[in-house]
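The structure appears below as structure tokens.
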Amino acid sequence: TLKGHSSSVYAVAVTADGKRAISGSDDNTLKVWDLTTRKEQFTLNDHISSVNAVAVTADGKRAISGSDDKTLKVWDLTTGKEQFTLNSWVNAVAVTADGKRAISGSRNTTLKVWDLTTGKEQFTLIGHTSSVYAVAVTADGKRVISASYDDTLKAWDLTTGEQEFSLKCYNNLENAVAVTTDGKRAIYASNYNTLKVWDLLSGNVIASFTGESSIASCAIAPDGVTIVAGDESGRVYFLRLEGVEALT
């Protein structure tokens, strides 16, 4: 157990080498933890409100955090210093594998695509009608999946900025979304105790799981078939997608 925050922890990201974790909290801070020594390395203090979302670049050198203070901040994980601030009311954030772009989901119903080299907004993705609460990007950086409280998931083309298609999820407030490494399927978790698998080629739901309580988080292993989900009662589910060949 890593202890140090003075209030609820809302977001966690881990570097690709598995050596560090970055946590975002209701105490307005992020903390960087050494997972070998299990000690805090440093605290990032520049937010003035709750930190809701954290993502880390594939090289482990930068973290991106989103906050209720209506900012997205980019941090240098070597120095612990803030590099620059992007203005957006952020619920969720994802980073492309090359570390060049961040995609944020906002309470104002939009997604924004940011250039992490210049700190400039590239374009805005408009189509949701309620808050965007979860965002995931495919490994090739060409597509982003967003989940909203308007009961839809949407797939967007990050080259054109256009919506590709939308999946209606009646009475299923989406809490989390993850994408397989081959970019062919998305997994999303909802307040209505369900976890569903979405085929991104056909646009159809191909599998569903019902838990004991609202499913708050989900992740998928690199093999593309092993799914882990956590619910609000404290259970963690380990699932395997049947009828699908594991990725090598």
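Residues checked against (1) at pLDDT below 95; (2) out of contact with any Gly (no Cβ under 7 Å at 6 or more places or on another chain):
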residue: Ser23; (1), (2): no, yes
residue: Asn28; (1), (2): no, yes
residue: Glu40; (1), (2): no, no
residue: Asp46; (1), (2): yes, yes
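Of the residues making up the stretch 117-140, those that are of a type outside the set (S, T, N, Q), out of contact with any strand residue (DSSP E or B) (no Cβ under 7 Å at 6 or more places or on another chain) and under 25 Å from Thr181 (Cα atoms) number 2.
Of the residues Thr181, Thr159, which is in the same structural domain as Ser130 (by TED's automatic domain parsing), loosely packed, with under 13 Cβ neighbours inside 10 Å and part of a loop (DSSP other than H, G, I, E, B)?
It is Thr159.
Across the stretch 57-108, the number of residues qualifying as within 13 Å of the chain's Cα centre (by Cα), assigned to a strand (DSSP E or B) and not assigned by TED's automatic domain parsing to the domain that holds Ala139 comes to 4.
Filter the stretch 22-38 for residues that are of a type outside the set (Ser, Thr, Tyr) and over 18 Å from Thr79 (Cβ atoms); which is surrounded by the most Cβ atoms within 10 Å (Cβ to Cβ)? By that ranking, first place goes to Gly24. Just one residue in the set Ser233, Ser166 is surrounded by fewer than 19 Cβ atoms within 10 Å (Cβ to Cβ) and either in contact (Cβ under 8 Å) with a residue 60 or more places away in the chain or under 27 Å from Leu125 (Cβ atoms) (or both); that residue is Ser166.
Scanning the stretch 196-248 for residues that are in a strand (DSSP E or B) and of a type outside the set (A, V, I, L, M) yields a total of 15.
Within the stretch 134-154, the residues that satisfy the criterion of being buried (at least 18 other Cβ atoms within 10 Å of the Cβ), farther than 23 Å from Trp89 by Cβ and touching a Gly at 6+ places or on another chain (Cβ under 8 Å) are Thr138, Arg143.
Yes or no: the stretch 190-213 includes at least one residue that is buried (at least 16 other Cβ atoms within 10 Å of the Cβ) and charged (D, E, K, R). Yes, that holds for at least one residue. Residues being among the charged types (D, E, K, R) and under 17 Å from the mean Cα position of the chain (by Cα) are entirely absent from the stretch 7-28.
The values are calculated or read from the model by the stated rules, or taken from the named source; none is laboratory data. None of the values given here were measured: they were computed from a predicted structure. Cβ atoms come from the backbone with ideal geometry, glycine included; neighbour counts cover every protein chain shown.
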